Amino acid sequence: MPDTSTPTAVARRSRGLLALRWCAPVLAATLALTGCTVASPVTVDQSTISTDVLISATMAVSEASVKIDYTLTNQSGVDLWVVHHQGASAIPDQTRSNGVALSLAFFPVRGDVNYVRPPATFVAPVAASGSLTGSLTASRPFQPYADLPGDRKVSVPSHPTSVRLCIGYVIAAEVSPVSAPKPVGESKYPALNDAVGFPLQHLACSAPTPLS
């Protein structure tokens, strides 16, 4: 799965010990069942899914992959910066039993990594009443988000029964001029620092699609 941040981490410390330390509080209670369950920092439930920014998606499901063509429509009345042009990571869809959400989203900055530059995520502008189209393909089994402290991976259902697309966005007016998205290399899309985007993030999601 492509890295969702543009900078490169230059140092990591005590990966194995950190992973064990994070698991310790729940390990004793869950060892007999599933081991250490790692929660997603991005929550997909009825309280977090926007009703002002909508996603319509067509999904071609096969045993090997899910191909998604989507259109995001901004009905919020304000300009947005929308996560765009990167690979999707799987996180749980808490609206469905054994559901998975393929996410294009901001995630929190790790505290156990030293970065050459602050982690950032590519975004696209979507004006009020505007729209954004895109496509992506996710291989199966879905790859969970895997850049949490200690190199942990988010726990997702091993046999998901549904999949949906969720895309993070921020309201442009809530981003200060000094923190505005900036060009990165030769990409036509600018990038917004994750430390700015994650706290301001809202989430738009498509309807769930059954998986065979």
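Condition first: aromatic (Phe, Trp, Tyr) and touching a Gly at 6+ places or on another chain (Cβ under 9 Å). Can you find one or more residues in segment 174-196 that meet it? Checking segment 174-196: not a single residue is aromatic (Phe, Trp, Tyr) and touching a Gly at 6+ places or on another chain (Cβ under 9 Å).
If the condition is being exposed (fewer than 13 other Cβ atoms within 10 Å of the Cβ) and either without any contact (Cβ under 8 Å) to a residue 40 or more places away in the chain or closer than 20 Å to Ile55 by Cα (or both), then segment 156-173 contributes only Ser158. Taken over segment 74-97, residues that are open to solvent by 20 Å² or more (accessible area, probe 1.4 Å), closer than 19 Å to Ser47 by Cα and more than 16 Å from the chain's Cα centre (by Cα) amount to 5. Is it true that Asp112 is buried (at least 16 other Cβ atoms within 10 Å of the Cβ) and more than 22 Å from Thr73 (Cβ to Cβ)? No, not satisfied. Taken over segment 115-149, the residue count meeting the criterion of being surrounded by fewer than 21 Cβ atoms within 10 Å (Cβ to Cβ), more than 25 Å from Thr73 (Cβ to Cβ) and of a type in the set (Ser, Thr, Tyr) is 2. Of all residues in segment 177-199, those satisfying the criterion of being open to solvent by 50 Å² or more (accessible area, probe 1.4 Å) and either within 30 Å of Ala64 (Cβ to Cβ) or outside any strand (DSSP E or B) (or both) are Pro177, Val178, Pro183, Gly185, Glu186, Lys188, Ala195, Phe198, Pro199. Looking at segment 121-139, can you tell me whether even one residue there is under 14 Å from the mean Cα position of the chain (by Cα), modelled with pLDDT of 95 or more, of a type in the set (Ser, Thr, Tyr) and in a loop (DSSP other than H, G, I, E, B)? Within segment 121-139, none of the residues are under 14 Å from the mean Cα position of the chain (by Cα), modelled with pLDDT of 95 or more, of a type in the set (Ser, Thr, Tyr) and in a loop (DSSP other than H, G, I, E, B).
Do we have any residue at all in segment 56-66 that's in contact with a Phe, Trp or Tyr (Cβ under 6 Å, 6 or more places away or on another chain), at pLDDT 95 or above and open to solvent by less than 50 Å² (accessible area, probe 1.4 Å)? Within segment 56-66 (the criterion being in contact with a Phe, Trp or Tyr (Cβ under 6 Å, 6 or more places away or on another chain), at pLDDT 95 or above and open to solvent by less than 50 Å² (accessible area, probe 1.4 Å)), the answer is yes, since at least one residue qualifies. Just for segment 50-84: of the residues that are free of Cβ contacts under 8 Å to residues at least 40 places away in the same chain and assigned to a strand (DSSP E or B), which one is nearest to His202 (Cα to Cα)? Taking the candidates together, the pick is Thr58. Looking across segment 24-54, the residues that are open to solvent by 50 Å² or more (accessible area, probe 1.4 Å), at pLDDT below 50 and among the β-branched types (Val, Ile, Thr) come down to Val26, Thr34. Selection of first residues in segment 120-139 that are β-branched (Val, Ile, Thr) and of second residues that are open to solvent by 80 Å² or more (accessible area, probe 1.4 Å), restricted to Cβ pairs under 8 Å at least 6 apart or on distinct chains, gives the following pairs, ordered by first then second residue: Val126/Asp79; Thr137/Lys67.
The values are calculated or read from the model by the stated rules, or taken from the named source; none is laboratory data. Here the structure is a predicted model, which is why all the values come from computation and not from measurement. Cβ: placed from backbone, ideal geometry, glycine included. Neighbour counts: every protein chain shown. Accessible surface is based on the protein model in full, side chains and every heavy atom, while ligands, DNA and RNA are left aside. Shrake-Rupley method; radii C 1.70, N 1.55, O 1.52, S 1.80 Å.
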